[in-house]
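The values are calculated or read from the model by the stated rules, or taken from the named source; none is laboratory data. All of these numbers come straight from a predicted model, not from anything done at the bench. Here the Cβ positions follow ideal geometry from the backbone for every residue, glycine too, while neighbour counts run over all protein chains shown. To get the accessible areas, we keep the full protein, side chains included, count just its heavy atoms, and leave off ligands, DNA and RNA. Shrake-Rupley method; radii C 1.70, N 1.55, O 1.52, S 1.80 Å.
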Amino acid sequence: MALTTAGTQPLLGEVAGIPLPATTVDNWHQIQGFKAQPDDLLICTYPKSGTTWIQEIVDLIEHSGDVDKCQRAAIQHRHPFLEWARPPQPSGVEKARAMPRPRVLRTHLPAQLLPPSFWESNCKFLYVARNAKDCLVSYYHFQRMNRTLPDPGTWDQYFETFISGKVAWGSWFEHVRGWWELRDNVQMLFLFYEDIKRDPKQEIQKVMKFMEKNLDGAVLDTIVQETTFEKMKANPMTNRSAPKTILDQSISPFMRKGIMGDWKNHFTVAQNERFDEIYRQKMKGTSINFCTEL
Ligand code: A3P
């Protein structure tokens, strides 16, 4: 499947073989030259892995559980999206430069494409990984409703596109492997969507510790309650409302299901067997372990 076009405009380009939004590719020089600071915290995810969820958790921790402060702006505007570029809006880099320190930033970039200053500055990285099957399903529905990404085609077509890594931000396998393998060499907290789902309190405590925030039990309980799927779906500041020309939530809501194991409602038996085989090949030799169902 082509990478591909809306009218005559290509929606995706490539950097070093990784498909990225064309507008990001056009702005690549600025992105690579971004000057990270030692007190930056970078939220890193493959798309559809719970980025919005961890952003809200981090924001609530940063503001000591003050729910009103987290209503100050829509979630996508609170933490600059490093590689975001859609002129004439200010780019992610420009927004980050204008932000007071310490900054919380976010990216979907694979580790090898990260601006080098992040490594040079020894920043903190908070990576959230989600199992590949649910990521695929979530990304399929997201591309159906997101006008800035290529139309996914049919489920069967998209299944192949995802496996071959011809989606924006590239292969799930390489992304997750790349970041996982770095986890002991840098300041990184590596979390799993499935763990946050199963035991939010325990995982939020890990994030608090990583952010060096000492908050009492009542605040922790507030953060757990405020970041449930239901709460975030009902919260206009977290449910990613955007003009229909960008995200058409009448096709599929941004806060879609928020569960583990939805892949079972999508994968055929043959697709599941094929996926498992490809997974074994592509993830061979890694110690990472995912949970794909409750
Ligand atoms: P589904 O499409 O499977 O429902 P991202 O923010 O990286 O784009 O990820 C979006 C996915 O995370 C969507 O998955 C969305 O529903 C899910 N999500 C967002 N907030 C969540 C929450 N509080 N709890 C569980 N899942 C959540």
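Where does the charge balance sit around ASN214 when Lys and Arg score +1, Asp and Glu -1, over other residues with C-beta under 14 Å from its C-beta?
After counting each charged neighbour, the total is 0.
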Checklist entry - In percent, what relative contact order does the chain have, based on Cα pairs under 8 Å that are 6 or more apart in sequence? => result 24
Next on the checklist: Keeping all protein chains in the complex and leaving out DNA, RNA and ligands, what accessible area do you get for ARG274 with a 1.4 Å probe, in Å² to the nearest 10?
Outcome noted: 100
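Quick check on region 24-160: take the gyration tensor over C-alpha atoms, sort the square-rooted eigenvalues as a ≥ b ≥ c, and tell me if it's rounded (a/c under 1.5), prolate or oblate.
Working: a/c = 1.68, a/b = 1.35, b/c = 1.25.
Because a/c hits 1.5 or more and a/b exceeds b/c, region 24-160 counts as prolate.
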Checklist entry - Counting Lys +1, Arg +1, Asp -1, Glu -1, what net charge surrounds PRO200 among other residues with beta carbon under 13 Å of its beta carbon? => result -3
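Classify region 44-87 from the C-alpha gyration tensor, please: rounded if a/c falls under 1.5, else prolate or oblate depending on whether a/b exceeds b/c.
Numbers: a/c = 2.71, a/b = 1.50, b/c = 1.81.
The shape class here is oblate.
Report the net charge of residues surrounding TRP28, where surrounding means a beta-carbon distance below 14 angstrom and charges are Lys +1, Arg +1, Asp -1, Glu -1.
With Lys, Arg at +1 and Asp, Glu at -1, the net is -3.
When only the heavy atoms of the protein chains count and the probe is 1.4 Å, how do ARG144, ARG78, ARG280 rank by accessible area, highest first?
Details: ARG144 75, ARG78 10, ARG280 140 Å².
Most to least solvent-accessible, the answer reads ARG280, ARG144, ARG78.
Given a 1.4 Å probe and every protein chain left where it sits, what share in percent of the accessible area of the chain is carbon and sulfur? Numbers along the way, then the final one.
Numbers: 6860 of 13240 Å².
Taking all protein chains in place, the chain shows 52 percent carbon and sulfur surface.
So for region 1-98, Kirkwood radius off the Cα pairs, Stokes-Einstein at 20 °C and 1.002 mPa s: how many µm² s⁻¹?
140
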Item to check | Area accessible to solvent at GLU14, 1.4 Å probe radius, in Å² | outcome: 100
Item to check | Proximal aspartates and glutamates relative to LYS48, as straight alpha-carbon distance under 12 Å, when same-chain residues fewer than 8 apart are discounted | outcome: ASP134
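With a probe of 1.4 Å, find how much accessible area region 128-169 has per residue, and write the answer as a whole number in Å².
On the way: 1150 Å² over 42 residues.
Per-residue accessible area for region 128-169 comes out at 27 Å².
What ranking of TRP169, TRP119 comes out by heavy-atom accessible area, probe 1.4 Å, highest first? All intermediate terms of the calculation are to be shown ahead of the outcome.
Numbers: TRP169 25, TRP119 85 Å².
So, going from the largest accessible area down, we get TRP119, TRP169.
Suppose we look only past 33 Å in the calculated P(r) of the chain. What percent of the Cα-Cα pairs does that tail hold?
Numbers: 7950 of 43071 pairs.
So the portion of pairs separated by more than 33 Å is 18 percent.
Would you work out the charge dipole size for region 205-279 about its Cα centre, treating the Cβ of every Lys and Arg as +1 and the Cβ of every Asp and Glu as -1, and quote it to the nearest 20 debye? Don't jump to the answer; show the numbers that get you there.
Working: 11 positive and 10 negative charges, 46 e Å.
Dipole magnitude for region 205-279 comes out near 220 debye.
Among rounded, prolate and oblate, which fits region 129-263 when a ≥ b ≥ c are the square roots of the eigenvalues of its C-alpha gyration tensor, a/c under 1.5 means rounded, and a/b larger than b/c means prolate? Walk me through the numbers before you get to the answer.
On the way: a/c = 2.29, a/b = 1.34, b/c = 1.71.
Oblate, since a/c reaches 1.5 and b/c is not below a/b.
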Next on the checklist: What is the distance in Å between the Cα centroid of region 152-203 and that of region 8-38?
Outcome noted: 19
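For region 49-116, count all C-alpha to C-alpha pairs, find those more than 20 Å apart, and express that count as a whole percent of the total.
Working: 699 of 2278 pairs.
Taking all Cα-Cα pairs of region 49-116, the fraction more than 20 Å apart is 31 percent.
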Item to check | Positive-end extreme of charge dipole, the chain - chosen from SER250, LEU20, ALA218 (charges on Cβ) | outcome: SER250
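Quick one: plug the Kirkwood hydrodynamic radius of region 155-211 (C-alpha pairs) into Stokes-Einstein at 20 °C, 1.002 mPa s, and report D in µm²/s.
On the way: Rh = 13.5 Å.
Answer, rounded: 158 µm²/s.
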Next on the checklist: Given the whole protein assembly as supplied and a 1.4 Å probe, what does the accessible area of THR161 come to in Å², nearest 10?
Outcome noted: 10
